[in-house]
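Report on the structure given below.
The values are calculated or read from the model by the stated rules, or taken from the named source; none is laboratory data. Quick caveat, the model's predicted, so the values are computed rather than measured. Don't worry about glycine lacking a Cβ; one is built from the backbone with ideal geometry, like all the others, and counts go over all protein chains shown. Note: areas computed on protein heavy atoms with side chains; ligands, DNA, RNA excluded. Shrake-Rupley method; radii C 1.70, N 1.55, O 1.52, S 1.80 Å.
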Amino acid sequence: MTTPRRVRARLAGAAATAALALTATACGGLGGSTSGNADDAGAAQAAPELRPDQKVEIVFESYNLSQAGVWTDTINGLVREFQEKNPNIHVTTRPPQGGAQNVVGSIQSQMVVGKAPDVGQVTFGDLDFAVNSLKAKPLDDLVGKDTVRASFGGPHPFAPNAATLGDWNGKTYGMPYVFSTPVLFYNADAFRAAGLDPDKPPATWDDVKKAGLAVKANAGKEGAYIDCATASAGDWCLQAIIASNGGRVLSDDRKQLTFAEPASAAAVGTLADLVKSGASPNLTQAQAIDAFTRGNLGMVLESSSLQGMFQQAAAAGKWDLRAAPLPAFPGRAAVPTNSGSALMVFSDDSAKQRAAWQFIEFMTSDRAYTEISSKIGYLPLRPSLVDDPAALKPWADKNPLIRPNLDQLTRLRPWVSFPGNSYVQIRDLLLQAVEASVYQGKDPAATLADAQKRASGLLP
């Protein structure tokens, strides 16, 4: 991030730094220059069932494996369970080359030398590129559309809004895996010190401003940090804020950029006003997360992938952590978007493709989400698990932080991936314009219009 900051703070440690890398990954990976367009996404041959004695080795590349601790432990534990249930399939796990923020770049570079992962964890912001340039395999073709649809069902079916997030042109290319919606985490003790009611968290952006100013004036802490307005944050959460004000970033036909429309500019202007008024601190993402975990920041709008870390920090610091939904604009309902990723198949070998599908089925099963949600904090994409005493109900009853996230799942709008080989540059131009508007005092309408004009030249 190149924006100068007025406030300086020290990160609590390497764990927080790595966790932020994972958050940034969930907010959008890095693209490349391989050519491709929507018409290039073709069919794949069916992958036959494996014989009981047929030995297969597959490679699973996951950005969750870039961080030691709860992320790696949880995923590796599930991989071991899968291998115990499927002794004929051996799974080698690895993080992306170059780290958690190089998901697409890692897959692309390894494809060149014939070592692409058989299963890759790819962010939804990279969906267009993964399908059309990296040639992810349509799961419907590999195992049959009925089989894929059946995998979304069972005793605890997928949330309908989540099930289609990995679809492209009527086919499922990615099995939705882990994600969050924007959650407003807040320090209830700071609210009390500021004279606010912690049982009535901010519901609108006006409320956020008032609460942020009160916390700063009366509790001696910074107010509210919105982790949606910097280049390091990615654009998934920003898209939610823009959509909540009636704006959008891309036309429905995916041919025109629309992030400079008045509604979009006004949404960015609201974030800028929070900073200008002093209700929101001028911090980097890392500084804000550090301040919140130390109990020195009243609120942070963030992904639930950091929920586990926040809970540990609150317990250690003996402060009251709570969660609320995405704030709304006056007269409008908030429109949450999703962060996160899908599991995709990149192998050309039919046996590995079938083994990859069996692995994906397990990693998106009731058992897997019971582990992933309770230990990491991601949304259970099979939401009825939280009502099952044999699954997530005991955990959910003790962890009400999950409720705002679950409620927002019912009205989810998909994170939009930009088209073409230059999609990362388009996204960067948008985020740089937003950051300049929010933290450098630039005019949102003019700055976004200039960025949109330049980014439009990068469309395919």
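If you take the residues in segment 48-67 that are among the charged types (D, E, K, R) and open to solvent by 40 Å² or more (accessible area, probe 1.4 Å), which one is nearest to P117 (Cα to Cα)? So, considering only residues that are among the charged types (D, E, K, R) and open to solvent by 40 Å² or more (accessible area, probe 1.4 Å), the one nearest to P117 (Cα to Cα) is E57. I need the full set of residues from segment 153-162 which are touching a residue at least 40 places away in the same chain (Cβ under 8 Å), open to solvent by 10 Å² or more (accessible area, probe 1.4 Å) and in a helix (DSSP H, G or I), in order please. Within segment 153-162, N161 is the sole residue that qualifies. Taking the stated definitions as given, is L429 under 29 Å from A136 (Cβ atoms), part of a helix (DSSP H, G or I) and at pLDDT below 95? Considered against the rule, which asks whether it is under 29 Å from A136 (Cβ atoms), part of a helix (DSSP H, G or I) and at pLDDT below 95, L429 comes out as no. Pairs meeting the criteria (first residue in segment 49-69 and of a type in the set (S, T, N, Q), second residue in a loop (DSSP other than H, G, I, E, B) and open to solvent by less than 20 Å² (accessible area, probe 1.4 Å), beta carbons under 9 Å, at least 6 apart or on different chains) are S62/P96; S62/P117; N64/A100; N64/I376; S66/P96; S66/A100; Q67/A100. What number of residues within segment 61-82 satisfy the criterion of being assigned to a helix (DSSP H, G or I) and among the acidic types (D, E)? Residues in segment 61-82 being assigned to a helix (DSSP H, G or I) and among the acidic types (D, E): 2 in total. Filtered by the rule that a residue be closer than 15 Å to P182 by Cα and over 13 Å from the mean Cα position of the chain (by Cα), segment 330-350 gives A333, A334, V335. Annotation: of all residues in segment 287-318 being open to solvent by 30 Å² or more (accessible area, probe 1.4 Å) and farther than 22 Å from L409 by Cβ, the one that is nearest to the chain's Cα centre (by Cα) is Q312. Please determine, by comparing only the residues of segment 422-442 that are open to solvent by 50 Å² or more (accessible area, probe 1.4 Å) and among the polar types (S, T, N, Q), which one is farthest from A231 (Cα to Cα). Looking at the filtered set, the residue picked out is Q440. The residues of segment 362-394 that are under 16 Å from Q307 (Cβ atoms) and in contact with a Pro (Cβ under 7 Å, 6 or more places away or on another chain), listed by number, are Y369, S373, L381, V386, L392. In segment 118-152, of all residues being of a type in the set (S, T, Y) and open to solvent by less than 20 Å² (accessible area, probe 1.4 Å), the one that is nearest to G234 (Cα to Cα) corresponds to T123.
The number of residues in segment 236-262 that are in a loop (DSSP other than H, G, I, E, B) and polar (S, T, N, Q) comes to 4. Of the residues in segment 39-60, at least one is within 25 Å of A163 (Cβ to Cβ) and touching a Ser or Thr at 6+ places or on another chain (Cβ under 6 Å). Looking at segment 68-78, which of its residues are surrounded by fewer than 20 Cβ atoms within 10 Å (Cβ to Cβ) and out of contact with any Asp or Glu (no Cβ under 9 Å at 6 or more places or on another chain)? The answer is A68, G69, V70, T72, D73, N76.
Taken over segment 92-117, residues that are farther than 16 Å from G234 by Cβ and surrounded by fewer than 23 Cβ atoms within 10 Å (Cβ to Cβ) amount to 15. Picking from L184, L127, L134, L142, which residue would you name as being touching a residue at least 12 places away in the same chain (Cβ under 8 Å) and under 27 Å from F310 (Cβ atoms)? When all the criteria are applied, what remains is L184. Listed by position, the helices (runs of 4 or more DSSP H) contained in segment 320-416 that have at least 3 residues being in contact (Cβ under 8 Å) with a residue 60 or more places away in the chain and open to solvent by 20 Å² or more (accessible area, probe 1.4 Å) are 350-363, 366-375.
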